[in-house]
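S.K.: A single structure is presented below for examination.
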Amino acid sequence: MDEKQINFLQGRTVRVLTSGQILGGFALGSTLSIGSLLAADLSGSGAWAGSAATFSTLGAATWAMPMARLANAKGRRVALAAGAGLAILGAILVITAAAVHFFPLLLIALFLLGGGSAAGLQARFAAVDLSGSSSRSTGRDLATVVWATTIGAVIGPNLFGPGQFIGDLIGLPPMTGPFLFTIAAQLSATTVFWFGLRPDPLLVAKEIDSAKGGLKPKTSFKTALQTLRKYPVAAFAVTSIALSHMVMVAVMSMTPLHMHHMGYDLVVVGFTISLHIAGMYAFSPIFGWLSDRYGKVRIVLLGQIIYVLALCFAGFGQHDRTLVTIGLFLLGLGWSAATVSASALLAQTLPTDEKTNVQGLSDTSMNLAGALGGGFSGAIMASFAFMGLNAAAFIPVAVIVIFSAVTHLKKNSLPR
């Protein structure tokens, strides 16, 4: 396959992934937002509200490495379809758990829903399977696929009301109607990926690498860690992705419950979350361009500066709906800057035979960090209020900044 054919396939791959992510985005809002309210209701305690984020992100972490291995063996479209299947089963079990009022079943359902999150995360790396380490558009291609989630993700939370209306019409338990949209969205996205990713970009990239005498891709947790020890820049990227996600999940997952305590209904909560998700995805092309133009590490650090502003607005303005909303929007913006630039840095830094393995480890680490943040967020907010939760979120931000400085001084090799 010559360079012209590769460029054509790369462009088509990005377009297909963009279309699928638009549809898949409709499934995003329900898991953490409605899930936290369902967890509090079924468990009988607000302290368990964070379990929605914990188990969905723990599920995404658990499925990330098996899905990476599946992608290596069968291609991206098979792996993405498997993740969607897990999410569909999870959505069905959420409705079942609410119907029988059984909290442990809800946790299992949320764990399965994490498969959809793992698939969405893997899709961003699929956008750069055919991009070489010298490509100047790595950040933009990856950011385009991340951006595509915006449309469905922003509209999705605003379908809480219509979803509940439909759920009431057909006799579903309270707050479970929106999960009907989750099922429909995952089915639609999977159809696009399954028929659109032909030929599969990862399999083509492996064929090209094999023709050049490349090594067989490595697919174990141990070899992924060994790779990170060899490439400190990649280790910085993985750490930045994980801790940035921890900050976002910890604060965002508790915001619906905080606003519920303030007296706002699902429509208002859904609007606030939609603005947050707009911050996460709508501006990703800008951050992708900035990372290609000014350096990926610099944009990771820009994300941390935005996080500081977000935590100040949401924390000090905890009793003001407007300030909380601004804080949540900036929280999404900081996540976008850090995640897009760090993901592009990871894809650009590693050799082809080591990419997919470390990407799987990165997604696992990202979601484990999110699970940890979500797991502690409920207890922190119960003890120290919403402001205390935002204050605690400064810790991961500080770690990223310190790690960037230490890595630069130790290796003196971070890209600009």
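Every read-out reported here was derived from the displayed coordinates using simple, explicitly stated rules and does not represent laboratory data. For clarity, every value in this text was computed on a predicted model and none was experimentally measured. Every residue, glycine among them, receives a Cβ derived from its backbone with ideal geometry; neighbour counts consider all protein chains shown.
S.K.: Mind checking the dipole of the chain: about its Cα centre, +1 per Lys or Arg Cβ, -1 per Asp or Glu Cβ, Debye to the nearest 20? Walk me through the numbers before you get to the answer.
M.R.: On the way: 26 positive and 15 negative charges, 284 e Å.
Value, rounded to 20: 1360 debye.
S.K.: If you put +1 on each Lys and Arg Cβ and -1 on each Asp and Glu Cβ, how big is the dipole of segment 287-401 around its Cα centre, in Debye rounded to 20?
M.R.: Details: 5 positive and 5 negative charges, 46 e Å.
That gives segment 287-401 a dipole magnitude of about 220 debye.
S.K.: A further question follows. Most exposed first by the Cβ proxy, i.e. fewest other Cβ within 10 Å, how do 147, 335 rank?
M.R.: Numbers: 147 24, 335 27.
Going from sparsest to densest Cβ surroundings: 147, 335.
S.K.: Work out from phi, with θ = phi - 60° and the Karplus expression 6.51 cos²θ - 1.76 cosθ + 1.60, the ³J(HN,Hα) of each residue of segment 173-183, listed in order in whole Hz, and give x for Gly and Pro.
M.R.: With the stated coefficients, segment 173-183 comes to x, x, 6, 9, x, x, 6, 5, 5, 4, 5 Hz.
S.K.: If you take the charge dipole of the chain about its Cα centre, with +1 on Lys and Arg Cβ and -1 on Asp and Glu Cβ, which of 184, 237, 372 is farthest toward its positive end?
M.R.: 237
S.K.: Also, I was wondering about something else. With +1 on each Lys and Arg Cβ and -1 on each Asp and Glu Cβ, how big is the dipole of segment 202-349 about its Cα centre, in debye rounded to the nearest 20?
M.R.: Values: 11 positive and 5 negative charges, 161 e Å.
The dipole of segment 202-349 has a size of about 780 debye.
S.K.: Follow-up. Quick one: angle between helix 284-294 and the longest Cα principal axis of the chain, in degrees between 0 and 90, rounded to 10, please.
M.R.: 40 degrees
S.K.: Then there's this: State the Kirkwood hydrodynamic radius of the chain in Å, one decimal place, computed from all pairs of distinct Cα atoms.
M.R.: Working: mean 1/r = 0.0479 Å⁻¹.
Answer for the chain: a Kirkwood hydrodynamic radius of 20.9 Å.
S.K.: Still on this structure, please answer the following. Regarding segment 1-119, what are the three Cα extents along the principal axes, ordered largest first, in Å?
M.R.: Its Cα atoms span 61, 25, 22 Å along the three principal axes.
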